[in-house]
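Have a look at the structure below, then the notes.
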Amino acid sequence: MMRRIITTALAMIICASCTGRQSKPMIQQVSPIPSGYGYQVQYEEKQTDNYEPINFKEQKAVWISYIDLQHMLLGKTENEFSENILQAYEKIKSLGCNTVYVHVRSFGDAYYKSEFYPFTKAVSGELGSEADFDPLEIMLENAHEAGLSFHAWVNPMRCETEENMLLIPERFALGRWFSARDKYDEYLVKVDSDNHYWLNPAVEDVRNLIADGVREIVKNYDVDGIHIDDYFYPTTEAYFDSGIYVETGVTENLSEWRKSNVNKMVKAIHDAVKDVNPNVLFGVSPQGNMENNYQFMYADVKKWCSEEDYIDYIVPQIYFGFENSIKPFVQTAEDWSSIVTCDSVSLVIGLGVYKIGEEDEFLQNTGIIAEQISSSQQIKNYGGFALYNYINLFEPVQELAERTNAELQCIKDAIID
């Protein structure tokens with residue numbers, strides 16, 4: 001209650017003081033074992049201790065989100081899922097792409113065997129109900145057999161709805177924090193404009209959990225990269241974390257403090273990856289509107305692109321047309337290129353295939369995504385492109401099927417040429 005009072009008072013003071021979509025809502029990740037967990041994690045040793053990741057100088061990537069995976073995985077047997085994901089990879093490979101960013105944690109869950117997060121509901125429909133197979137293991141094995149680089153995509157801060165949070169056992173930190181919300185009220189926060197709970201990166205135990213969850217993936221699975229997208233702070237409202245802001249006693253303003261918290265989280269993820277395998281890549285996909293990252297998400301993208309030991313690649317979601325009045329594609333891509341000043345960071349251009357069903361410029365110009373690929377290749381610091389997302393590429397709604405197939409052929413021609 002005291003923190004809520006502080007929050008209300010502070011809000012008055014503050015008011016005085018995988019997305020570039022303009023229509024996207026504001027809400028749209030060797031450190032020691034954290035002391036707050038109450039147990040010591042025993043990792044299973046993977047068969048190859050010195051895995052050499054498969055990565056390419058030019059990433060030609062496709063995002064496979066939890067939404068894309070749903071029809072491939074939900075209610076399926078191991079063989080059925082293996083066949084489904086292999087077919088998806090074959091389509092991606094036939095397009096000329098070489099990399100996939102695949103969701104392995106979307107809502108504080110795990111598409112794999114984890115000591116830190118409950119098993120995903122994506123297989124059985126119920127959170128924590130484990131399958132008799134490991135989805136990540138299958139996705140990874142099939143990707144490598146197809147010659148694709150596999151980057152495990154996690155949402156570090158977004159968690160489940162209250163209905164599903166209630167199902168998380170207390171052997172997991174998320175379960176303990178949720179069941180004792182009065183004690184851990186700053187750890188997990190419900191956002192007014194969203195049904196989900198969100199982890200608070202201001203809390204050290206939270207950052208440790210996120211980092212250890214990533215470390216677990218890299219240690220137990222031969223992934224080629226770890227990938228996070230643009231889900232950082234889910235709101236600009238003061239109530240989210242102003243209690244701990246006051247208790248911490250920092251002198252910087254709330255916005256700068258939040259950026260610092262996200263920086264610490266990103267750095268912790270980077271260090272966790274590199275601690276296990278320095279050759280595994282770590283990439284971030286922020287919103288394509290650079291200003292939005294600072295004003296709404298508190299994501300200090302310029303810092304990550306100009307200093308070492310934050311990221312290996314950045315994938316701004318430049319989901320804009322050439323004629324966009326606010327963020328025209330070419331100028332926006334060049335603006336992103338201008339902030340990539342660290343030699344160890346590469347720029348991968350995120351392209352929104354879904355736009356061909358939403359905006360006139362994309363609807364009326366077949367081949368616009370292919371043209372954006374070709375345009376991107378001329379930009380300084382270019383390190384590849386990424387297409388959002390699998391369903392919009394290969395399983396569009398019926399009324400867009402003909403239009404999408406025509407676009408696919410143009411994309412294929414641009415990639416292969």
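The values are calculated or read from the model by the stated rules, or taken from the named source; none is laboratory data. Just so it is clear, the model here is predicted, and its values are computed rather than measured. Cβ atoms come from the backbone with ideal geometry, glycine included; neighbour counts cover every protein chain shown. Note: areas computed on protein heavy atoms with side chains; ligands, DNA, RNA excluded. Shrake-Rupley method; radii C 1.70, N 1.55, O 1.52, S 1.80 Å.
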Check: Rounded to a whole number, what % of the accessible area of the chain do carbon and sulfur atoms account for, probe 1.4 Å?
Finding: 46
Checklist line | Across LYS219/LYS302; LYS76/LYS259; LYS91/LYS267; LYS60/LYS274; LYS121/LYS380, pairs whose alpha-carbon gap is larger than 31 Å | finding: LYS76/LYS259; LYS91/LYS267; LYS121/LYS380
Check: With a Cα-only, solvent-free Debye model of the range 344-394, what are the log10 I(q)/I(0) values at q = 0.16, 0.20, 0.25 Å⁻¹?
Finding: -0.49, -0.71, -0.96
Check: With the calculation restricted to Cα positions, what are the radius of gyration and Dmax of the range 251-406 in angstrom?
Finding: 17.1, 57
Check: How large is ³J(HN,Hα), in whole Hz, for each residue of the range 291-298 in order, when computed from phi with the Karplus curve 6.51 cos²θ - 1.76 cosθ + 1.60 and θ = phi - 60°, using x for Gly and Pro?
Finding: 5, 4, 4, 7, 6, 10, 9, 6
Check: What is the Cα coordinate range of the chain on the first, second and third principal axes, sorted by size from largest, in whole angstrom?
Finding: 61, 52, 42
Notebook entry, point to check: So what's the range 57-100 giving for Rg/Rh, alpha carbon basis, Kirkwood Rh from the mean inverse pair distance?
Noted result: 1.03
Notebook entry, point to check: Using the heavy atoms of the protein chains alone and a 1.4 angstrom probe, what is the accessible area of the range 104-204 per residue in square angstrom?
Noted result: 36
Checklist line | Taking the range 255-325 and dividing mean pair separation by its residue count, relative contact order in percent (alpha carbons under 8 Å, at least six apart) | finding: 39
Item checked: Length-normalised contact order of the range 145-269 in % [C-alpha pairs under 8 Å, at least 6 apart] -> 31
Item checked: Net dipole in debye of the chain [+1 Lys, Arg Cβ; -1 Asp, Glu Cβ; about Cα centre; nearest 20] -> 800
Note to self: Nearest 5 percent is fine: what portion of the DSSP beta bridges confined to the chain is antiparallel?
What the structure shows: 15
Check: For the range 328-417, what is Rg from Cα atoms divided by 2.2 N^0.38 Å, rounded to two decimals?
Finding: 1.14
Next item on the list: For LYS355, go through the aspartates and glutamates and keep the ones whose alpha-carbon is under 20 Å away, minus same-chain ones fewer than eight residues off.
Entry: ASP68, ASP229, ASP230, GLU323, GLU371, GLU395, GLU399, GLU402, GLU407, ASP413
Check: How large is the accessible surface per residue of the range 321-405, computed with a 1.4 Å probe and reported in Å² as a whole number?
Finding: 45
